[in-house]
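Student: Before I ask anything, here is the structure I am working with.
Read-outs: derived from the displayed coordinates by stated rules, not from any lab. Because the structure is predicted, anything quoted here is derived from the model rather than measured. For neighbour counting, all protein chains shown are included, and Cβ atoms are generated from backbone atoms with ideal geometry for every residue, glycine included.
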Amino acid sequence: MKFCSECAHPVSLKIPPDDNRERFVCENCGIVHYENPKMVVGSIPVWDDGDQPCVLLCRRAIEPRHGYWTLPAGFMENGETTSDGAARETFEEAGARVRMHELFSVLNVPHVHQVHLFYRATLLDLDYTAGVESLEVKMFSEKNIPWSEIAFPTVSNTLRFFFADHARVREGGAYGLHLHDIGRPERLEPYRG
């Protein structure tokens, strides 16, 4: 940040009074500009025919991780709830209409200043299509998920939590809320498919 969004004067990085970390502070009007993590919201869109659940995944048409598979998700917009944002992203990226359920996973990704929230969701029908940010959308059972082509650790972790919980639900258990911290990856390889 170089300039104040209130008065357009230059800002400097310093520790404001009564604070304990550096912030961008306007030298002219004194406004402290706080930078906070971005919220990424998405869903786990499921079609369950009674035999085994299938999850709808999107193959990314954008960077980062172009060509890799992901759950439909994106940045939350102002004026919407996390659940509304997850449903919107599901429709925008996969053309899928869903009934939203409870919050399923909360994944902290501090090295990119993000928190990812995924909700369980039931597909209302099988009428889905790739949105502008997706190359294709496809249903996968657990055994057919292209694990080596999953875009982000938040997605692979959420899928693993979901299928583990689903096995317990079939035996009379319940879905849980999963909290997980994602560390900085060694290096994500480019997709060559």
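Student: Assuming 0.36 nm per residue, please report the length gained on full extension of the stretch R21 to W147 beyond their Cα-Cα distance. The partial results should precede the final answer.
Tutor: Working: separation 126, 0.36 × 126 = 45.36 nm, distance 3.96 nm.
Stretched fully, the R21-W147 segment lengthens by 41.4 nm.
Student: I'd like the orientation of helix 153-170 relative to the chain: the angle between its Cα long axis and the longest Cα principal axis, in ° from 0 to 90, rounded to 10.
Tutor: 40
Student: From the helices alone, meaning DSSP H stretches of at least four residues, give me the mean residue ellipticity at 222 nm for the chain, per-run term -39500 (n - 2.57), in deg cm²/dmol to the nearest 500.
Tutor: Values: 2 runs with 31 residues, N = 193.
Computed ellipticity for the chain at 222 nm equals -5500 deg cm²/dmol.
Student: If you don't mind, another one. Which of the chymotrypsin sites (Phe, Trp or Tyr not before Pro) found in segment 1-90 are loop residues per DSSP with 10 or fewer other Cβ atoms within 10 Å of their Cβ?
Tutor: Answer in residue order: Y34.
Student: Sticking with this one: Taking the convex hull of the alpha carbon atoms in segment 88-131, what volume per residue do you get, in Å³? All intermediate terms of the calculation are to be shown ahead of the outcome.
Tutor: On the way: hull volume 3.3 nm³, N = 44.
Roughly 75 Å³ of hull volume per residue.
Student: Right, another one. Roughly how many whole Å is it from the C-alpha centroid of segment 121-179 to that of segment 3-22?
Tutor: 42
Student: I'd like the projected area of the chain, averaged over all directions, using the convex hull of its alpha carbons. Report it in nm² with one decimal.
Tutor: The orientation-averaged projected area of the Cα hull of the chain comes to 13.8 nm².
Student: Where the convex hull is taken over the Cα atoms of segment 50-131, what is its projected area averaged over directions, in nm²?
Tutor: Values: hull surface 25.1 nm².
For segment 50-131, averaging the hull's shadow over all directions gives 6.3 nm².
Student: Rounded to a whole number of µm²/s, how large is the Stokes-Einstein D of segment 110-193 at 20 °C and 1.002 mPa s, given Rh as the Kirkwood radius over C-alpha pairs? Write down the numbers at each step before the final one.
Tutor: Details: Rh = 15.4 Å.
Reported coefficient: 139 µm²/s.
Student: Treating only the Cβ of Lys, Arg, Asp and Glu as charged (+1, +1, -1, -1), what charge dipole size does segment 38-181 show about its Cα centre? Round to the nearest 20 debye.
Tutor: Numbers: 13 positive and 20 negative charges, 58 e Å.
Roughly 280 debye, rounded to the nearest 20.
Student: Tally the DSSP beta bridges in segment 38-181 and give the antiparallel ones as a percent, rounded to 5.
Tutor: Values: 24 of 38 bridges.
Here the share of antiparallel DSSP bridges comes out near 65 percent.
Student: State the answer as a single residue: which of A167, C7, M76 lies farthest towards the positive end of the charge dipole of the chain, with beta carbon charges of +1 for Lys and Arg and -1 for Asp and Glu, about the Cα centre.
Tutor: Most positive-ward Cα: A167.
Student: Which of the GluC sites (Glu not before Pro) found in segment 124-181 are loop residues per DSSP with 12 or fewer other Cβ atoms within 10 Å of their Cβ?
Tutor: Those satisfying the criteria are E171.
Student: Given N residues in segment 1-111, what is Rg(Cα) / (2.2 N^0.38 Å)? Let's see the in-between values first.
Tutor: Numbers: Rg = 19.8 Å, N = 111, 2.2 N^0.38 = 13.2 Å.
Relative to the 2.2 N^0.38 Å estimate, segment 1-111 comes out at 1.51.
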